Structures are given as C-alpha cells and as structure tokens.
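The values are calculated or read from the model by the stated rules, or taken from the named source; none is laboratory data. Not measured: the values here are computed from a predicted model. Every residue, glycine among them, receives a Cβ derived from its backbone with ideal geometry; neighbour counts consider all protein chains shown. Surface areas here come from the heavy atoms of the whole protein model, side chains and all, with no ligands, DNA or RNA. Shrake-Rupley method; radii C 1.70, N 1.55, O 1.52, S 1.80 Å.
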Amino acid sequence: MNIFEEDTPGQFGEFGGKFIPETLSFAIEELENEYSKISTSESFQNSFNNLLKEFVGRPTPLYFAKNLSNHYKGPKIYLKREDLAHLGAHKINNAVGQGLLAKQMGKQRIIAETGAGQHGVATAAICARLGMDCIVYMGEEDIKRQALNVYRMKLLGAKVVSVNTGSKTLKDAINEAMRDWVTNVTDSYYLIGSVIGPHPYPTMVRDFQTIIGIETKKEILKIENKLPDYLLACVGGGSNAIGLFYPFIEDKEVNLIGIEAGGKGINTNQHSATLVKGKIGILHGTKTYIIQDEDGQIIETHSISAGLDYPGVGPEHSYLKEIERAEYVAITDDEALQALALTSKLEGIIPALEPAHALAYLEKLAPKLSSKDIVVIGLSGRGDKDIDTIMQNMSL
C-alpha cells in the first residue's frame, strides 16, 4: 500500500476543505504542491521509512494482553504498542514526515502546537535531528498539567510559548500558532500535530500515521491468520485513530470504534465528545464536527487527558461517522482512570490517559463478545507524562 494515496484531495464527503485567510493562501498552495511531489518521490519515502526504523524504532509490536483478556472472559485483546515508539507516543511518526518535508522546502523555523505535550516533544526531537529551529505553542493550563513534557521540549532545544487566552488549552495554542505562521509565512513551516486544519494537513498527517494500521494488519494476520473484529482508538483531533483505521476501511468485517473524552459526562458542559454531541461547523480551516453553542461559538471543553480536550475533530472522522463506517462513543474521566489502573496492575503497562479512554470501553464492549472475537486497541502513548494528574485524581 502506498501511504500517500488520496482519491479526492482535501474533501471527505461534505467535510474538509480549505477555509483560510488570504494571507495564508500562498503558504497552503506551496505546501500542497510540495506534498504532491513527495507523494510520488521514492527518495522521500525511503528517507521517511529509514527514519521510522532508525530514529523512531519501528515497527512497534502488537502485544497480546493475556491478563486483560482473561479478566474480561471474552475476546482476545491486543494492544498496538505506540507507547514503545521513540519518546513514548505515536506523534513522532507525523513529526518525522513533516519535518523531512519542511527541510525539503527549505524552511528553517518550525512552528507547532501541543496539548498533552507529546507532539511538541516529537517536533522538538525531529528539529534537533534535522538542525532546525523549533517554537512550540502550549496552553497555560496544559503547561501546568504537562510540566514533564515542557521540560523535555526545552531540553531538546525548543522554545515553549505559554498561551493564556481562552481556555488556555489546545484550541488556543493552535490559534496562536496560526497567528505566528501568518506573520512569518516566508521562512516558517507550521507542523500541525493532528488530522485537523485546512487541506492538505488532514490527509498528510493521516498518511504519515497510517504506518500504525499497516503494521497492525501485517502483525495480526501473522499472529491470528485473520483480521480483527474490532479496532478501538481514542479520538481527540484523531490522528492515532485514523492512522490505525485507514488500512482497514475497506475491510467491512472490521468494526471501527473511536472513543472520545466524556469528561464529567456528556450531559454536562464539561466534556470533549465532539462526534457524540457536536454539530457541523468550521474550525481551524476545515469543515467538521465541533462543540459549539446555538450561536456557533466554540464551547470550552474538558477532559482529564490534555490530548483529548479539542473542540473539533479531523474531517475524515466526521465523514466516517456520516457514512456509518465508524462508530464513536464517549468515556468519562473516572472510567478512563479505572481502566488505566486496571491495565497497569494486570499487564504491567501504564498507558497514557488518552488511550486509557479506549481501554475503558472494553468494560462495555467485552461482555457482548465471545472468545472467537479479536479486539485491537491503539495504545497511543505511555503514562509517564500523566503521573502528576493521575496522583491528584486517584488514590492507591
């Protein structure tokens, strides 16, 4: 499979597109043209794949969670171990791809946004590797929650800019990063961390993350000689989920389930369940589902996980929901914490709070399944970064 295939550039049914100010039209056009070139460039793909192997440590293993499987007395449960990728999360896959593209475009200054900090760390790392300047925008609230990742970014040579407007989280960090890009469009490259934003970002980020699903398909066929019955992944912006889902979209027997952050409950005003409770609108240059009030204003979101509290979602997820190819559900903060504790104690693996939401959905799904069923969960990151938050919210 060529990970750079795209049938209808920038459009996923009615979703996607390019809703941008005139000041960014040149930069987006330049990016689209360069992205088109690498789509057919064997040398670029070789460089990308070599870095994935040598720098990121791919392939990551597909791990049989024997104790979790026994606990739920039902399906075989496998974990796609993105927590074992360099720096502890799936974000590095996309950062490597876009970092190489920016270098090819002659850009020296890289701008990024981050919520949980993993994308910021990944961007800082590839900038260090390729010898580029790195500026990361991060909400003041997320900086407090993710102090460890802030230090890691600085250690890797990045400048971290605190954003104290709005909810002081990911949405506001993206706003500030885009303002920077508009101002410095000639020499700067905006390295978006998820499948959001104007075309070509949703497609490009998906393509760089599709390595997750490509490996998973090969691994599960080798181990079980069949495809999984269910794929589960947490969804904020949605890059780890679409990376896992995409190679299986044509395999109709594989059920795709995205798990959003239900926060304090989806019937409260403290959640980030965009696809479960949101409405169609335009945010950060793309048409997608967003969490908004009756006047179309963005509502502040909440999640215990800093990486899931985005009020929008990648447009391809909106499309998969619309055509009913994927199902999207919500898991609360408390349910995610319980799943994190259970996985840690049963498997010796401490997941990040983001994939803990996907693990928590097993409580609802597993009782409906039999021992013949196979479930693969995208373990998108490790929990080191969340220890302070976990300690504040969980007693042992």
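List of remarks:
- Extension gain for Glu54 to Ser41 (0.36 nm times residue separation, less C-alpha to C-alpha distance): 2.7 nm.
- Largest-first ellipsoid semi-axes for the range 305-396, taking √(5λ) over the Cα gyration tensor eigenvalues, angstrom: 24, 19, 11
- For the chain, adding -39500 (n - 2.57) for each run of n ≥ 4 DSSP H residues and dividing by the number of residues yields -12000 deg cm²/dmol at 222 nm.
- Separation of the range 8-26 from the range 321-387 is 33 Å, based on Cα centroids.
- Pairs of alpha carbons in the chain separated by more than 29 Å make up 36% of all such pairs.
- Taking 0.36 nm per residue of sequence separation and removing the Cα-Cα distance, the Asp293/Leu130 pair yields an extension gain of 54.4 nm.
- Sites Lys159 and Phe26, calculated FRET efficiency, Cβ-Cβ separation with R0 22 Å, nearest 0.05: 0.30
- Coordinate range along principal axes, alpha carbons of the range 50-191, Å, largest first: 56, 38, 23
- Glu300-Thr183 pseudo-label distance in nm [points 7 Å out on the Cα-to-Cβ vector]: 2.5
- Table column - 3J(HN,Hα) (Hz), the range 134-140, Karplus curve with 6.51, -1.76, 1.60, x for Gly and Pro: 9, 10, 10, 9, 9, x, 4
- Residue by residue, the range 362-376 carries 3J(HN,Hα) couplings of 4, 4, 9, 7, 4, x, 8, 10, 10, 5, 7, 7, 10, 10, 10 Hz when phi is fed to the Karplus relation 6.51 cos²θ - 1.76 cosθ + 1.60 (θ = phi - 60°); x denotes Gly or Pro.
- The range 182-273 - percent of accessible surface contributed by carbon and sulfur, probe 1.4 Å: 48
- Per residue, the accessible area of the range 1-130 comes to 42 Å² when a 1.4 Å probe rolls over the protein heavy atoms.
- For the chain, the longest piece that avoids every one of the trypsin sites (Lys or Arg not before Pro) found in DSSP loops with at most 12 other C-beta atoms within 10 Å covers 74-225.
- Under 5 Å, built H, 5+ apart or other chain: amide partners of Cys134: Ile110, Lys159
- Interchain or long-range residues, amide H under 5 Å from Ile377's placed H: Tyr78, Leu79, Lys80, Leu232
- Rolling a 1.4 Å probe over the protein heavy atoms gives the range 190-336 an accessible area of 32 Å² per residue.
- Computed log10 I(q)/I(0) for the range 126-243 at 0.11, 0.16, 0.19 Å⁻¹: -0.49, -0.92, -1.15, from the Debye equation with unit scatterers placed on every C-alpha and solvent omitted.
- No Cys partner within the rule (Cβ under 4.7 Å), the chain: Cys234
- Angle between the chain longest axis and helix 25-39 axis [Cα atoms, degrees, rounded to 10]: 60
- Accessible surface of the range 52-128 [probe 1.4 Å, protein heavy atoms]: carbon and sulfur percent: 52
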